[in-house]
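One structure is given here, and the rest of the page talks about it.
The values are calculated or read from the model by the stated rules, or taken from the named source; none is laboratory data. Everything quoted here is computed from the prediction, not taken from an experiment. Cβ coordinates were reconstructed from backbone atoms using ideal geometry, including for glycine residues, and neighbour counts include every protein chain displayed.
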Amino acid sequence: MQKKYTHTVACGASHSVALLTNGTIQCWGNNNYNQCDPLYLTFRDVIQIACGISHSVALLTDGTVKCWGATYLNQCDPIHLTFTNVAHVVCGAYHSVVLLTDGTVRCWGNNRLNQCDPIHSTFTDVIQVACGHSHSVVLLTNGTVRCWGSNECKQCDPVHLTFTDVTHIACSKQHSVALLSNGTINCWGENEFN
């Protein structure tokens, strides 16, 4: 019998998903939108997980994705679950973004603040994706970043998108961070707590 250890944990607003070393998942917490429906705990060959507020996405070894939980803002719209070449997946509050193996991205879910604006699916040289609550950021092969979605707290302020030496990106609810090649970081967005 293969032992199961936790590999990764992803959290939504009130549910959590654990990816185990044997490629299966476990879920606990609030189940009001089927976030922890046992039907979805039967997946095998899972290599990555991500959670929005009330939905979850799993990336399988064959490059496909599975989504479960809330659907009221198209978070689990079946039309977006037909990809077979997904390399990475991230979730915002009510939207998801996948990086495909050809360096392009696809988004689905809530688009009220242009989180899923189709114009952003035209990038062809993306190497990393990240999501905040209602904005998304991509890192391109030339070390630059692009951002779209909510700009309420300057999460997508163009002044911060001029770097050419970014090596890693991350997002929180209303701010983003870029790690530069010289080891320094640049942050933009909400700055309430300095």
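Based on what the data block shows, is Asp165 at pLDDT 90 or above, more than 16 Å from the chain's Cα centre (by Cα) and among the acidic types (Asp, Glu)? For Asp165, the condition - at pLDDT 90 or above, more than 16 Å from the chain's Cα centre (by Cα) and among the acidic types (Asp, Glu) - is met.
Given the residues Gln75, Gln48, Gln26, Gln35, which is the only one that is in contact with a strand residue (DSSP E or B) (Cβ under 7 Å, 6 or more places away or on another chain), touching a residue at least 40 places away in the same chain (Cβ under 8 Å) and not aliphatic (A, V, I, L, M)?
Only one candidate qualifies: Gln48.
Give Val86, Val105, Val57, Val97 a once-over and let me know the one that is β-branched (Val, Ile, Thr) and touching a His at 6+ places or on another chain (Cβ under 8 Å). Give the steps one after another, and end with the answer.
Values: Val86 fails: touching a His at 6+ places or on another chain (Cβ under 8 Å); Val57 fails: touching a His at 6+ places or on another chain (Cβ under 8 Å); Val97 fails: touching a His at 6+ places or on another chain (Cβ under 8 Å).
From the options Val86, Val105, Val57, Val97, the qualifying one is Val105.
Hey, among Cys51, Cys36, Cys76, which residue is surrounded by 18 or more Cβ atoms within 10 Å (Cβ to Cβ) and more than 18 Å from the chain's Cα centre (by Cα)? Cys36 is the lone residue from the list that is surrounded by 18 or more Cβ atoms within 10 Å (Cβ to Cβ) and more than 18 Å from the chain's Cα centre (by Cα).
Could you check, for the stretch 98-105, whether at least one of its residues is in contact (Cβ under 8 Å) with a residue 12 or more places away in the chain and under 10 Å from the mean Cα position of the chain (by Cα)? Please lay out each step first, then the result.
Taking the stretch 98-105 as the starting set, the residues that turn out to be in contact (Cβ under 8 Å) with a residue 12 or more places away in the chain are 98-105.
In the following step, the residues that additionally are under 10 Å from the mean Cα position of the chain (by Cα) were identified as 98-99.
Yes, some residue in the stretch 98-105 is in contact (Cβ under 8 Å) with a residue 12 or more places away in the chain and under 10 Å from the mean Cα position of the chain (by Cα).
Taken together, the criteria exclude Ser176 from residues that are within 19 Å of Ala87 (Cα to Cα) and not hydrophobic (A, V, I, L, M, F, W, C).
When the stretch 59-75 is filtered for residues that are closer than 21 Å to Val138 by Cβ and in a strand (DSSP E or B), the ones remaining, listed by number, are Leu59, Val65, Cys67. The C-beta contact set for the stretch 121-145 (first residue over 11 Å from Gly103 (Cβ atoms), second residue crowded, with 17+ Cβ neighbours inside 10 Å and of a type in the set (Asp, Glu), distance under 9 angstrom, 6+ apart or interchain) is empty.
Would a scan of the stretch 76-98 turn up a residue that is touching a helix residue (DSSP H, G or I) at 6+ places or on another chain (Cβ under 9 Å), assigned to a loop (DSSP other than H, G, I, E, B), at pLDDT 90 or above and not acidic (Asp, Glu)? Even if it seems obvious, please write down each step before you answer.
To start, the set of residues in the stretch 76-98 that are touching a helix residue (DSSP H, G or I) at 6+ places or on another chain (Cβ under 9 Å) comprises 96-98.
With assigned to a loop (DSSP other than H, G, I, E, B) added as a condition, the list becomes none.
No: the stretch 76-98 contains no residue that is touching a helix residue (DSSP H, G or I) at 6+ places or on another chain (Cβ under 9 Å), assigned to a loop (DSSP other than H, G, I, E, B), at pLDDT 90 or above and not acidic (Asp, Glu).
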